[in-house]
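Heads up, the thing below is written out as structure tokens.
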Amino acid sequence: MLKQSLQYKLLQKLSPQQIQLMKLIQLPTQAFEERLKQEIEENPALDIGKDQSDSFDEDLSNEFDETGTEKIEAEDINIDEYLSDDEIPNYKTQANNYSADDEEKNIPYAAGTSFHQSLKNQLNTFRLNEEEFAIAEFLVGSIDDSGYIRREIIDLVDDLAFTANVFTTEEKVISVLKKAVHNLDPLGVGARDLKECLTIQLKAKDKTKIRSLAIDILETAFDHFVKKHYNKLQEKFHISKEELKEVNVEISKLNPKPGSSYAGNNKIAEQIVPDFSVKIIDGELDLTLNSRNAPELHVSSEYNNMLKGYKESNIKTKSQKDAVFFIKQKLDAAKWFIDAIKQRQQTLLVTMNTIMHYQYDYFLTGDERKLKPMILKDIADKINMDISTVSRVANSKYVATPYGTKLIKEFFSESMKNDQGEDVSTREIKKILETVIAEENKKKPLTDEKLAGILKEKGYPIARRTVAKYREQLDLPVARLRKEI
């Protein structure tokens, strides 16, 4: 049986200009600079620097309206094809308090060699024959971002044969691994597990009694060491508590993730460029937008003069009309881009200014316990913008504060009730939990149950499983693994 049904579907649609504006707002400083550079290269009607004249003759617009070109109407654009967000920003301009006197005009950022390229470059310092070099290069390519080779040697042997046309044996691969890869900097790269990683680093150091003991413990009693079964280690190796403490100190100096010590891992090393700066001046908060987000753009006077020259010309050929139509298109695009940049600046400033005042006590003191519960809607309602607009600013922008450079979304958190019925930030609870764990007796670390009891005494009645969740979010291990001798 056939059944007919009528289905309504509400589609949110935006003009191409609105979509471009949202994308501009989402860009952090360095990506914005690249976008700006691209626009200037593609549109010769757009100039950067001091403006001579920022207007062009509008009287010619009617002359070039009837072009026969296809127009794209806003109704024909489905936002779902452009954005992954469900909400559509309702942009409204605000006062722009950006000052051209921003002193941080040139915040540097560094670029470097990628992690794997650095390792490959080092291979050239070893005496390797052609086959060994091919194997070593393949092994380096198999190292993950933490610095480990996670795959089985037999699988690497097979891949060498199929992808690199190098037919070899497990023994040969292991030989090259130890001869070359395990001697690359940073030490420990190319290890197949944590035990091998730590052992490689210890063996590279000058020999001492404690280091030899540490190597012995790692190679023959690794499980006991990881699980902190200190009594069993003392019995097995016939050592005192003091000697075991020294072994612990020696091993704690090693890097369990040698790859992560290389800035940027597989990516180009890049310093974070703050989009905003919050300073305390005479006891008051002062917000500035990084000047790299506020370039001095203007419409090219040369293109404007070309348009005026055509208007004053007595003879207007078809080729001249075509050229001037092209010029007008570029000028229109330049004017739109300048307006979009101004609106981006205003949106960034008004959003961050509202966040700063909402978290006034934190920015004034740096005490995370003073962070108020704050969700995207709180800020969106205050600035009369859509939640997705605030999200675009918070998720991709950084602010330099007297307490370090912070990702703006870190200031957002849910709320919980304390024992007096007041709303407190989950960030505040996590900070207290972190402090309690830092100050605990490491010989008898506190269990999650005991931590929950302490928080309850402090006025935060939360369950043990919630404590465990917050502890994991803080990247803190369970009590057993926090135990020290």
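The values are calculated or read from the model by the stated rules, or taken from the named source; none is laboratory data. Here the structure is a predicted model, which is why all the values come from computation and not from measurement. When we count neighbours, we look across all protein chains shown, and the Cβ atoms used for this are built from the backbone with ideal geometry, even at glycine. Side chains included, ligands, DNA and RNA excluded: accessible areas come from the protein's heavy atoms. Shrake-Rupley method; radii C 1.70, N 1.55, O 1.52, S 1.80 Å.
In the stretch 179-197, how many residues are open to solvent by 60 Å² or more (accessible area, probe 1.4 Å) and either more than 35 Å from the chain's Cα centre (by Cα) or within 13 Å of Phe133 (Cα to Cα) (or both)? The number of residues fulfilling the criteria is 1.
Among residues of the stretch 456-476 that are assigned to a helix (DSSP H, G or I), those with a Cβ under 7 angstrom from a residue that is open to solvent by 50 Å² or more (accessible area, probe 1.4 Å) and not β-branched (Val, Ile, Thr), sequence gap 6+ or separate chain, pair up as Arg464/Glu449.
When the stretch 361-386 is limited to residues that are within 20 Å of Glu414 (Cβ to Cβ) and open to solvent by 60 Å² or more (accessible area, probe 1.4 Å), the one that is modelled with the lowest pLDDT turns out to be Arg369.
Just one of the listed residues (Glu440, Glu457, Glu449) is over 29 Å from Asp223 (Cβ atoms) and among the acidic types (Asp, Glu), and it is Glu457. Scanning the stretch 468-485 for residues that are under 31 Å from the mean Cα position of the chain (by Cα) and under 20 Å from Tyr230 (Cα atoms) yields Pro477, Val478, Ala479, Leu481, Arg482. If you go through the stretch 407-416 and keep only what is at pLDDT 85 or above, of a type outside the set (A, V, I, L, M, F, W, C) and crowded, with 19+ Cβ neighbours inside 10 Å, you end up with nothing.
Pairs linking a residue in the stretch 103-126 that is of a type in the set (A, V, I, L, M, F, W, C) to a residue that is assigned to a helix (DSSP H, G or I) and at pLDDT 50 or above, with Cβ atoms under 6 Å and 6 or more positions apart or on different chains, are Leu119/Val140; Leu123/Ala136.
The residue that is nearest to the chain's Cα centre (by Cα), counting only those in the stretch 383-416 that are in a strand (DSSP E or B), closer than 21 Å to Ile272 by Cβ and of a type in the set (Ser, Thr, Tyr), is Tyr398.
Of the residues making up the stretch 279-301, those that are acidic (Asp, Glu) and part of a strand (DSSP E or B) number 2.
Just one of the listed residues (Ala214, Ala161) is open to solvent by less than 30 Å² (accessible area, probe 1.4 Å) and either at pLDDT below 90 or over 27 Å from Lys253 (Cα atoms) (or both), and it is Ala161.
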